[in-house]
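What follows is a set of notes on a single structure, which appears directly below.
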Amino acid sequence: MTTEIDIQHLGFAMRHAWLVPAFPLVSFVLVALFIRPLSQRFSAVVATLAVFSSWVVACAIACEYYRLCPPGGEHPVLVPWAFEWLRYQPGFTVNVGVIVDPISVLLMLVVTTVSTLVHIYSSGYMKGDPGYGRFFAYLNLFTFSMLGLVAAPNIVQMYVFWELVGVSSFLLIGFYYQKPSAVSASKKAFIVTRFADLGFLIGVLTLGYFAFNLFGATAPAVSARTAAHCTMPLQPMDFLYLTSPEFLAKFGALAAGSTGITLLTVAMVLVFMGAAGKSAMFPLHIWLPDAMEGPTPVSALIHAATMVVAGVYLVARMFPAFAVSGAALLVVAYVGAFTSLFAAVIGTTQDDIKRVLAFSTLSQLGYMMLALGVATMDSPLGYTASMFHLFTHACFKALLFLGAGSVIHAVHSNEIWDMGGLRKKMPITHITFLIATLAISGFWPLSGFFSKDEILASALANGHTFIFGLALFVAGLTAFYMFRIYLVTFWGDFRTDKAHHAHEAPPLMWIPLVILAVLSVVAGYVPMGKFVSIGVEHAEHHGINFAIAIPATIAALLGTGTALLLYTGSGSRADAIARSLGGVHTLIKQKFYIDEVYLFITHRLIFNLVSRPIAWFDRAVVDGSMNASAWATRASGYLFSWMQTGQVQSYSAWFACGAMLVLLVLWAALI
Amino acid sequence: MNPLIAQIAAHSPGLRDWLALTSVIFSIGLYGLLTRRNAVGILMAVELMLNSAAMNFVIFNRFCLPARMDGSVMAIFVIAVAAAEVVVGMAIFVALYRYRGTVDVNQMNTMQDPVISIEGPGDFNREVMKNINKQYKSRHDH
Amino acid sequence: MLMLPEIIVVVTAMAVLVADLFLTERLRMGVTWLSLAGLAVAAGAVFATPMNGSMFGGQFVVDAVGWWFKLFFVISGFFTVLLSMDLLHGRTTCRMRGIGSPGEYYTVLLFTISGMMYLVSARDMVLLYVSLELATIPLFALAAWRREDIRSGEAGLKYVIVGALASAFILYGLGLIYGLTGQISLDAARVLKGSPAFWFAAAMLTAGIGFKLTLVPFHLWAADVFEGAPMPITAYLSVASKGTGLAFMFQLFFRMMGGWVHDWALMIALFAAVTMTLGNCVAIVQHNIKRFMAFSAISHAGVFIMGFLGPHDYGVPAMLFYLLAYIASTLALFAGIVWYSNETGRETIRDYRGLSRTNPLMALAMMLALFSLAGIPPLSGFVGKFFLFSVAAGAGFHWLVGIAAVNSTIALYNYLRIVREMYIEPVHEDGPAAPASWSLSITTAVLTTALVLLGIIPFFYNAINGSTIAWLSAVLPH
C-alpha cells in the first residue's frame, strides 16, 4: 500500500512545522530579556502558553501526518519545511528543517505534552523562588532545543541542537547555583556528555566525509520517491541520505584498514557513543544520578522523559545504518541490556527518592536500547517496542518524578526514611504515584505492561534468549525497588515531624499528576505497531502473548512480593539481609565505585601523567611566546601611535609620502 | 616687429610647457600646505593646487581636443567646488579664531595620541582642558 | 524615474531648511520628522528603481552595485538622524553647548547623503568629482559643528586641510586621465595602456581614495576628526564615509581602471595588510572610545578592500555584504555610545565599567555589536569576514589571510576590552546613566536584531550576491 503525497501542497500545520520549535524560542527571548524583569508571574504564563501552542501545532501535525499516511500503512519520511543554511560547495549544503515521520511526530508529542505539564507543575512548585522567571526562560530554551533536535532532518542540525540541549540541561541542573553540589553536578553532566559527544562528532564527520565523497555532487543516492517527499534536494548530511540503502550498501563495503571491521561499524559505534552519553548508558551513566541536584520538575522533564531519550531517538533515527552494520547493533543491545541490569541493582539500595528514580530511568533507557539492539530490518518489532516504551515511560516516569517532587515539596527532604505514612496526608499524590509504580512494574492493564511485553517478545522472537532472560530479571528488580520506595514513602508511620505536617500539593501541581496518571493508564492501548514502523515489514503485535506475559507478570509479582515482605512493618528484615550481604551491599550502595574509578583515572592518572606536564609546557612555552607577542603588539601600538602627532601638516606630509610610495609600488610592479 | 616679441611668438608655449607650469604650481601649493603656519595661508596653498589641476583640464582640452568643451566645463565646476571648499574652510577657521584667538595650525594639537600638556594663548575652554588633562592622567594611571 | 531617490533627498534637505525658518520652538521637532520621512521615502524610492538603467545619455547610470550602495547610504543616514535627534533637541542629561539649529544640521547631513548617492551613479568625471565634493564638504562643517568646543573646531580644521589636499590629488589624477583618453567619460579609461603618466594618475587617485577610506598612511586625520566631531557624526563618518570610500574605489578601480584590476591586486593586498595591522595595533593603546572607534574603522577598511582582490566575481558582493553587516554592527554600537555620552558625558573606555549591571539591555546590545565587529560566529560580522577572507584566499593571497587571521585576534582583544569593562569591572562610582530615549532604544533594538539576523539568515547575502554577480561578470575583463 503506497500513498502518494504532494509535498508542495500540504496543510497549514505541515507547511509551518517550524512553528513547533519557534514558539518556545520566541518565548525564551521574550521572557529572558523583557518579561522576567517586569513580572515573575507573567513569565510563567507566557512560557506555559508558548509550550502549549507548540503542543497544539504538534497535534495538528500528527493528525495531518496520519491522515496522509493512515495507521497500518507505510510511513514515509517527509521534510515539509526546510531552508538552506550553510552551503559549503555545490552538492554539499546543510539545511535547517523539520522532519516529519512517525518517530519525530511521537517525540514532538511527548516533548510538548510533558513540557506543558511540567511548566504548569513548576508554576506551583517553584513559587517563591527568586529565580522563578529565569527558571521558565531556561525551561523554554530547553524545550526549543529539544524540539529542534527532534525535528532535525540532518545530522548536523541534530548535532547543533544536541549540544544546545546539553547546555540547557547544564543551566537547569546548576539552577541553584549557590549550592556547590548543584554546580559540580552540572559541570559533571556537561563534561561527561561533552566527552561522549566527541565520539559523536567524529562519527558525524566520518559519515559526512564518505557521504559526500562516495557519490560526489551529482550521483543521486536515493530513490526519486524519497526525494519527492522533501522540499529541498537531498544533501549528504541528511538522515534520508545517510540511511538510504544505496549509500549504506556502498559505505558498508568499506573496511577500516585491515581489521576486518567495516568503516560503517566504526562510524556507527562512534555515533552510539554520543547516544550513550546523552542516554547515560554504562559507563557514561555517572552524570545522571548527580543531575538530580536540579529542581525536580527539571528531572521530570529532562532527565526522565525527554533529553535522556535523545540517545534512543538518535539510534532509532539512524537505525537502518545500525542494522546494516550488525556489529554496531549488537553493541547497542548489550550495552543497553547491561545498563538496565546494572542500574536496577544499584536502584535497590539507594535511599534518596530521586536517585532511585534516576537509576530506574537508567534501567529503562537500557531497556529501550536493548529493544533497538535486538531489532532487525526484517523483523522490526523491537524498533516499534522501543518507541512504544519510550512513549509509555515518558508518561509514568514524568509522573513518578512529579509525584516525588510533590512529596519533597511537602517534606523538604529527599530521603525516603524521612517520609512514611504520607498516603493519608497526600491522597492524590499517593494514588497517582501508585498508578505509576504499577505501570513501571509492568502490571496489566497499565501501559508499562504492554510496552515491556513487546520488548520481551522482540528479544525472544529474534533469538536473543540471554537478553530475554536478563530483561525478565530486570523486570522483577524494577518491581522490587519501585515498591520499596513506594512503601517506605507512603505507608507505615510518620517517621519525622515534617512528614507529620505534610499536606497535599496545590492544584497547579496535582492537576498535571492526574493528567499523567490517566495517560499512564491508557497509553498502553495505543496500537503502536500501526503507527510506528520502519521498512516495509510491519510490526504487528498480535494481542497479548501469554508465553511472555505470564513470566513477566510472575517476575513483577515476585519483585512486589519481596518488597512487601521486607518493607512493611519495622523494616528490620531488610536491614538483616543487608547486613548478611555485607561487602556486596556496600559495593552496590556505593554504585560499584564507578565514580571513584573515574576520579582515580582522571585525578590520579590523567592529571598527574598528562595534564601537569602539558600545563607546564603551556605556561612556560605557549604562554611565554603568547605574552611576548602580546607585548610586541602593544609596543607596536605605542610605536605607531607616534604618527598621531596632532599636527595636521605632518598628516599631510604622510599623505604626500604615501602617494609617492604608491607610485613607486605601481611602477615597480607594472614596469 | 620687435625681435623680442617675434622670438617669443615663434616659441609659443606648447603642451609640455603648460604641463610643467601646472606641476610647478601644484608643487608650490603642496609646499605651502606643508609649511605655512597660518591656516588661511594653507587654504591659499590648497587653492593653488586645485587651480593647477583645473588648469590641466583646460590645457588638455585646448591641445588634445580643441573641438569639444568637456575639459573647460570641468574647470568651471572645479572653480565652483573649490570656492565652496574654501568657504567652508574659512567659516571653520573664523569660528575657531573667535574661540581660540589664533589659527596657527601648530597649536591645533589638543587631540593627539601621546597627549602632552596643552599650552597656548587665547580663550581656552577650561572645562575641556581639564577633561583632557584628566584623561591624560587616567591613561597614565593604567 | 531613476534619479528619484536623489531628488527626494535633495528636496527634503531644502524643505528642512525652509521649515526650520518657519517652525516655532515648540514645533521644532518637525524638522526631525521631515528628515526621517524624507529618508524613508527615499529608501522606498531606491527599492522602486530598477537595478539597471541610464539617464542623460549614459552620464547617470543605476546598476545593481550602485543600487545596493544607495540603499546602504539611505539606511545609514536614517539611523544617523535617529542618533542625532536627542542631542540636537537638547533632550539629554548632558547638554551640548553651541549646537546650532537642528534644521541646518539635517540639511547639511542630507546633502552629504545625496552626494554619496550621486557618486555611485556617476559615469563621467564632472559628476564624479562634484558629487564626491558634495559628499565631503558638508562633512567638514558637521565635524566642526560644536562651535564652543575646541576639539570640534580643531577637528574641522584638520579635516578640511587634509580633505582639500586629497581633493587636489584626486583632481590632478583625473586631469591626467582626461589628458590620456581625451574623454570625460569614466568608461573610456578602461582601455588605457600603461605609461608613467597613467601610473602617476593612478597613484594620486589611490591617495585620494586612501583619504576617504582611511587606508594607511592616509588615515592619520581619522582619529582626531572622530574624536572632535559630535558623537552622531562620528558614527556617520565611520559608516557612511567608509561606504563612500568603497563606492569611490569601486568607481575608479572597476569602472575607470577596470583593465588593471588584476595587476593591482598586490598593491591592494599590501594596503589591506598594513591598514588592518596598524589600525588594530594602535587601537590597543587608545583610551577614548571615539578614537578607539576611529582605529576600529581604519582596521575594517583593510578588511573591506580585500573584496577588490583578484578576478573574482564574488569579491564585490562579499564586500557589499560586509558593508551591510558593518553598518548594522557599528551603528548599533554607536547607539550605545551616543546614549552613554548624552546621558553622562563620559567618553573613555574605562567609563563603561559596570554597564551590564546598571543598563543590562544596552550592555547586551553593545556586546553583540562588539562581537559582530570582532567577527564572532554566528553574528553577521563573522559571516562577512568569512566571505572576504575566502575572496582573498581564492585570489591566491594566502599570506594576507594569515595576517587577517592574526588581526582578528588582536581585534577581538580590543573589543573584549570594552566588554570586560562592561561586564567584569565594578560599577562606575558616579552613578548610572538615565535610561535610553525611545529613538535610541528603537535604533539599538532594530540594528541589534539586524546584525544577528544577517548572520543567521542567508537571504540577504544571497540577494546581494544574486543581483550583483551577473552584472560584474559582464564588466570584469576575462
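Every number in this text was worked out from the coordinates using simple rules, so none of it is lab data. In this text, all values refer to a predicted model and were calculated from it rather than measured experimentally. Here the Cβ is made from the backbone with ideal geometry for all residues, glycine too, and neighbour counts use every protein chain on show.
Per-residue packing, averaged as other Cβ atoms within 10 Å, sorts the ranges C:83-90, A:36-43 into the order C:83-90, A:36-43, beginning with the highest. Relative contact order for chain C: 15 percent, from Cα pairs under 8 Å spaced at least 6 residues apart, divided by residue count. Considered as an equivalent ellipsoid built on the Cα gyration tensor, chain C has semi-axes of 33, 26, 20 Å, the largest given first.
Counting only DSSP beta bridges with both residues in chain A, the antiparallel share comes to about 90 percent.
The order of A:422, B:19, A:400, going from fewest to most other C-beta atoms within 10 Å of their C-beta, is B:19, A:422, A:400. Taking one quarter of the surface of the C-alpha convex hull of the stretch B:3-111 gives a mean projected area of 9.3 nm². By the helix-only formula, in which each DSSP H run with n ≥ 4 contributes -39500 (n - 2.57) and the sum is divided by residues, chain C has a 222 nm mean residue ellipticity of -24000 deg cm²/dmol. Amide H contacts of residue C:348: C:289, each under 5 Å away and 5 or more positions distant or on a separate chain (H built 1.01 Å from N in the peptide plane; Pro and chain starts excluded). Charge dipole (Cα centre; +1 on Lys/Arg Cβ, -1 on Asp/Glu Cβ; no other charges) of the stretch A:371-501 amounts to roughly 360 debye. Over chain A, dividing the summed -39,500 (n - 2.57) contributions of all DSSP H runs of at least 4 residues by the number of residues returns a 222 nm mean residue ellipticity of -21500 deg cm²/dmol. Each residue, residue A:461 and residue A:629, gets one label point 7 Å from its Cα in the Cβ direction; the gap between the two is 6.1 nm. For the stretch C:258-478, the Cα-based Rg and Dmax, in that order, read 18.4, 63 Å. Each of the peptides C:452-464, A:273-285 was scored by the mean count of other Cβ atoms within 10 Å over its residues; in descending order, highest first, they stand as A:273-285, C:452-464.
Averaging Cα coordinates gives a centre for the stretch A:372-411 and one for the stretch A:265-315; these two points are 13 Å apart. Dividing the Cα radius of gyration of the protein assembly as shown by 2.2 N^0.38 Å, with N the residue count, gives 1.11. Think of the stretch A:444-584 as a dipole: +1 on every Lys or Arg Cβ, -1 on every Asp or Glu Cβ, centred on the Cα centre; then among A:524, A:473, A:545, A:473 lies furthest on the positive end.
Based on the mean of other beta carbon atoms within 10 Å per residue, what is the order of C:227-239, C:58-70, most packed first?
C:227-239, C:58-70
Seen from a random direction on average, the alpha-carbon convex hull of the stretch C:178-330 projects onto 9.1 square nanometres. Using a cut-off of 25 Å between Cα atoms, the listed pairs A:188/A:425; A:127/A:591; A:179/A:591 include A:188/A:425; A:127/A:591 as exceeding that distance. Our coupling estimate for the stretch C:444-449, obtained by passing each phi through the Karplus curve with A = 6.51, B = -1.76, C = 1.60 and θ = phi - 60°, is 4, 4, 4, 6, 5, 4 Hz, Gly and Pro reported as x. Projecting the Cα atoms of A:321, C:185, C:163 onto the charge dipole of the protein assembly as shown, computed from C-beta unit charges around the Cα centre, puts C:163 farthest toward the positive end. The residue list A:381, A:256, A:616 was ranked by how far each Cα lies along the charge dipole of chain A toward its positive end, using unit charges on Cβ atoms, and A:616 comes out on top.
Centre-to-centre separation between the Cα atoms of the stretch A:114-139 and those of the stretch C:208-260: 53 Å. For the peptide C:195-207, the mean number of other protein chain Cβ atoms found within 10 angstrom of a residue's Cβ is 5. Peptide C:278-284 has a mean shielding of 6, counted as Cβ atoms of other protein chains within 10 Å of each residue's Cβ. For the set A:424/A:452; A:397/A:498; A:397/A:589; A:250/A:530; C:70/C:385; A:354/A:530, the pairs lying more than 24 angstrom apart at their alpha carbons are A:424/A:452; A:397/A:498; A:250/A:530; A:354/A:530.
Amide H contacts of residue C:53: C:62, each under 5 Å away and 5 or more positions distant or on a separate chain (H built 1.01 Å from N in the peptide plane; Pro and chain starts excluded).
Using Cα centres only, tell me the gap between the stretch C:70-146 and the stretch B:1-64 in whole Å. That distance is 35 Å. Sequentially through the stretch C:12-26, phi angles give Karplus couplings (6.51, -1.76, 1.60; θ = phi - 60°) of 4, 4, 4, 4, 5, 4, 5, 4, 4, 5, 9, 6, 6, 4, 5 Hz, Gly and Pro residues having no value and appearing as x.
When +1 charges are put on Lys and Arg Cβ atoms and -1 charges on Asp and Glu Cβ atoms, the dipole computed for chain C relative to its Cα centre reaches about 240 debye.
Charge dipole of the protein assembly as shown (Cα centre as origin; +1 on each Lys and Arg Cβ, -1 on each Asp and Glu Cβ, all else neutral): 1540 debye, rounded to the nearest 20. Here the 3J(HN,Hα) profile of the stretch C:226-241, calculated from phi with Karplus coefficients 6.51, -1.76 and 1.60 at θ = phi - 60°, is 4, 5, x, 5, x, 4, x, 6, 4, 4, 5, 4, 6, 9, 6, 5 Hz, Gly and Pro shown as x. Taking only the Cα atoms of chain A, the radius of gyration and Dmax are 28.0, 104 Å.
Put simply, the amide H of residue C:124, placed in the peptide plane, has neighbours under 5 Å in C:186, leaving out anything fewer than 5 places away on its chain. Note that the stretch C:330-424, at 10 °C in a medium of 1.306 mPa s, gets a Stokes-Einstein diffusion coefficient of 111 µm²/s from its Kirkwood radius over C-alpha pairs. Each of A:53, A:650, C:296 was scored by other Cβ atoms within 10 Å of its Cβ. Listed from fewest to most, they are A:650, A:53, C:296. For peptide B:64-77, the mean count of partner chain Cβ atoms within 10 Å of a residue's Cβ comes to 4.
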